[in-house]
Amino acid sequence: MIKSTKTKFVAEYPINASARLLYPYLSTASGLAQWFCDDVKVEENKVYNFVWDGASHYAELTGYRPNRSVRFLFLDDSRSHVQDPSYIDFSIESSELTQEQFLKVVDYSDEDDQEELAELWDNLMQNLREIVGG
């Protein structure tokens, strides 16, 4: 068995929206479905089913601080935990100096093309900014 190497992509995006306005777009199925993926369903056991191009990707909400941060830990197709799980971490940060809001994204995944990831996240952030007006 070949062990895949994961890549951690970290970026901060300035966003002109309050944490209270932004947080539901990061933490709720309806909010995430508007900008992050094609659809999101939350199953009874609190497992999120993210749908991209008709394919399901299961994740567990493993950490959240209201109006601050959320983390989704990805599971395998049978909704089980894996050895070195992929995850996505969103955190809302603000600069004390400039009063600007930032959305920090940590994407830990099998995707090893940093340029492709940067382009993907740039596009996703553009979608999110259009929705929140920021």
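Condition check ((1) exposed (fewer than 14 other Cβ atoms within 10 Å of the Cβ); (2) among the charged types (D, E, K, R); (3) out of contact with any strand residue (DSSP E or B) (no Cβ under 6 Å at 6 or more places or on another chain)) across all residues:
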residue	(1), (2), (3)
Val40	no, no, no
Glu44	yes, yes, yes
Val47	no, no, no
Asp53	yes, yes, yes
Ser56	yes, no, no
Phe74	no, no, no
Subject >> Single residue of region 38-73 satisfying the filter (of a type outside the set (D, E, K, R) and not in a strand (DSSP E or B)) that is nearest to Ser109 (Cα to Cα) >> reply: Gly54
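Can you tell me which residue within region 1-17, out of those that are of a type in the set (Gly, Ala, Ser) and surrounded by 13 or more Cβ atoms within 10 Å (Cβ to Cβ), is modelled with the highest pLDDT? Lay out the reasoning, then the answer.
Filtering region 1-17 for residues of a type in the set (Gly, Ala, Ser) gives 4, 11, 17.
From what is left, the residues that are surrounded by 13 or more Cβ atoms within 10 Å (Cβ to Cβ) are 11, 17.
Numbers: Ala11: 97, Ala17: 90.
Looking at the filtered set, the residue picked out is Ala11.
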Original post:
Which members of region 11-40 meet the condition of being under 13 Å from the mean Cα position of the chain (by Cα) and of a type in the set (Asp, Glu)?
Top reply: Glu12
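Identify, please: which residue in region 88-111 is touching a Lys or Arg at 6+ places or on another chain (Cβ under 8 Å) and farther than 19 Å from Asn67 by Cα and is, among those, modelled with the lowest pLDDT? Explain how you work it out, then say what you get.
Step one: filter region 88-111 for residues touching a Lys or Arg at 6+ places or on another chain (Cβ under 8 Å), giving 88-93, 106-110.
Okay, now just the ones that are also farther than 19 Å from Asn67 by Cα, so 107-110.
Values: Asp107: 97, Tyr108: 97, Ser109: 94, Asp110: 90.
Selected residue: Asp110.
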Original post:
In region 81-90, is there at least one residue being in contact with an Asp or Glu (Cβ under 7 Å, 6 or more places away or on another chain) and either in contact (Cβ under 8 Å) with a residue 12 or more places away in the chain or not hydrophobic (A, V, I, L, M, F, W, C) (or both)?
Top reply: yes
**OP:** Just need a number here: residues in region 77-105 that are crowded, with 17+ Cβ neighbours inside 10 Å, of a type in the set (A, V, I, L, M, F, W, C) and within 12 Å of Asn16 (Cα to Cα).
**Re:** 2
Subject >> Of residues in region 18-37 being out of contact with any Lys or Arg (no Cβ under 8 Å at 6 or more places or on another chain) and hydrophobic (A, V, I, L, M, F, W, C), the one surrounded by the most Cβ atoms within 10 Å (Cβ to Cβ) >> reply: Leu26
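The values are calculated or read from the model by the stated rules, or taken from the named source; none is laboratory data. On a predicted model such as this, the values are computed, not experimentally measured, just so you know. Here Cβ is always computed from backbone atoms with ideal geometry, including for glycine, and neighbour counts include all displayed protein chains.
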